[in-house]
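Participant: Please read through the structure below; I'll follow up with questions.
The values are calculated or read from the model by the stated rules, or taken from the named source; none is laboratory data. Note that the structure is a prediction, hence the values are computed from the model and not measured. Note that each Cβ is placed from the backbone with ideal geometry, even for glycine, and that neighbours are counted across all protein chains shown. Note: accessible area is taken over every heavy atom of the protein model, side chains too, but ligands, DNA and RNA are not part of it. Shrake-Rupley method; radii C 1.70, N 1.55, O 1.52, S 1.80 Å.
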Amino acid sequence: MFTDIHSHILHNIDDGPEIFEQSVELLNKSIQNGVQNIIATPHFYASRHSLNDRLQKTEERYKELIDHISKNNIDVSILKGFEVRYFDGISHSDSLLELSINRSGVLLLELEPSPITEKIVDEILNMNYCGYSIILAHIERYIKVPGFKHIKNLIAEGEVISQCNASSFISGFLQRGTFKLLKENMISIIASDMHSVDDRPPRLKEAYEIVERKFGLNVKNKLIFKAEEIFNSCLEK
Ligand SMILES: [Fe+2]
């Protein structure tokens, strides 16, 4: 059974499902794909979102889905967090705990599509220093971004946990770079980053099959275990 730590499963909140039925469709598709634990991570952009509105809306959508799961006795666990877009001064923000997964201090962080500077590295290290565990979302997107070496150093030194999208293992122009990152031991977790059953559906099973074929069973199991370990660590805090 798999754990999916990055998903846009909640409806009418970002570029994920528009209506509740589509959210349920994503849930069912995930279960068919072998997923038992899901973290709902709607986008959070400090420049365009009000924190309180975002927290309230996410809580409402999350409760709707949880109610559906419990009414129908569905065997799946869901936590809520956010996919937080990096912003200057993030490490000094008062909102980090609220934005972390299940208020655990584990934060899914998305970088901007712009050069990765030492300032960004300092902000990440500062968040670590303040007790946050940082998961960098879809790191394969930044391979060609100037300063990517900083990200590789952070991963190698264990300062961040790195996540790649399942879709990048399956096909597309990021596939080759994604394989290279895994070969270099730069990927800790695979997640779906699912948005809809048509656009980026949950395809963890296919991604793990590819990993097993190309890199072996141990590598696959390590990735599966790490995602579950992160989920459990968010439950406990
Ligand atoms: Fe995402």
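Participant: Looking only at the stretch 173-184, decide whether some residue is farther than 25 Å from residue 106 by Cα and within 16 Å of the ligand (Cβ to nearest atom).
Facilitator: yes
Participant: Taking the residues in the stretch 83-109 that are open to solvent by 10 Å² or more (accessible area, probe 1.4 Å) and either among the aromatic types (Phe, Trp, Tyr) or within 16 Å of the ligand (Cβ to nearest atom) (or both) as candidates, determine which candidate is nearest to the chain's Cα centre (by Cα).
Facilitator: Across the stretch 83-109, the extreme among qualifying residues is 85.
Participant: Something else about it: Looking at this structure, is residue 51 away from the ligand (no atom under 16 Å from the Cβ), touching a helix residue (DSSP H, G or I) at 6+ places or on another chain (Cβ under 8 Å) and within 27 Å of residue 88 (Cα to Cα)?
Facilitator: The answer is yes for residue 51.
Participant: Which of the strands (runs of 3 or more DSSP E) found entirely inside the stretch 64-169 contain at least 2 residues meeting this: touching a Leu at 6+ places or on another chain (Cβ under 6 Å) and modelled with pLDDT of 95 or more?
Facilitator: So the answer is 83-85, 133-136.
Participant: Just for the stretch 12-31: of the residues that are part of a loop (DSSP other than H, G, I, E, B) and either of a type in the set (Lys, Arg) or open to solvent by less than 20 Å² (accessible area, probe 1.4 Å) (or both), which one is nearest to the ligand (Cβ to nearest atom)?
Facilitator: Filtering the stretch 12-31 for residues that are part of a loop (DSSP other than H, G, I, E, B) and either of a type in the set (Lys, Arg) or open to solvent by less than 20 Å² (accessible area, probe 1.4 Å) (or both), the one nearest to the ligand (Cβ to nearest atom) comes out as 16.
Participant: Could you pull out the residue among 233, 168 that is buried (at least 22 other Cβ atoms within 10 Å of the Cβ) and either without any contact (Cβ under 8 Å) to a residue 40 or more places away in the chain or not acidic (Asp, Glu) (or both)?
Facilitator: Numbers: 233 fails: buried (at least 22 other Cβ atoms within 10 Å of the Cβ).
None of the others qualify; the one that does is 168.
Participant: Something else: Within the stretch 176-190, is even one residue open to solvent by less than 10 Å² (accessible area, probe 1.4 Å), farther than 25 Å from residue 102 by Cβ, touching a helix residue (DSSP H, G or I) at 6+ places or on another chain (Cβ under 9 Å) and of a type in the set (A, V, I, L, M, F, W, C)?
Facilitator: Yes, some residue in the stretch 176-190 is open to solvent by less than 10 Å² (accessible area, probe 1.4 Å), farther than 25 Å from residue 102 by Cβ, touching a helix residue (DSSP H, G or I) at 6+ places or on another chain (Cβ under 9 Å) and of a type in the set (A, V, I, L, M, F, W, C).
Participant: Then there's this: Starting from residues that are within 16 Å of the ligand (Cβ to nearest atom) and not in a loop (DSSP other than H, G, I, E, B), keep the ones in the stretch 36-47 and report whichever is farthest from residue 202 (Cα to Cα).
Facilitator: 44
Participant: Here's another thing I want to ask about it. Quick one: residue 4 ticks every box in (1) open to solvent by 10 Å² or more (accessible area, probe 1.4 Å); (2) within 30 Å of residue 117 (Cα to Cα) bar one, so which box is it?
Facilitator: Of everything listed in (1) open to solvent by 10 Å² or more (accessible area, probe 1.4 Å); (2) within 30 Å of residue 117 (Cα to Cα), residue 4 misses just condition (1).
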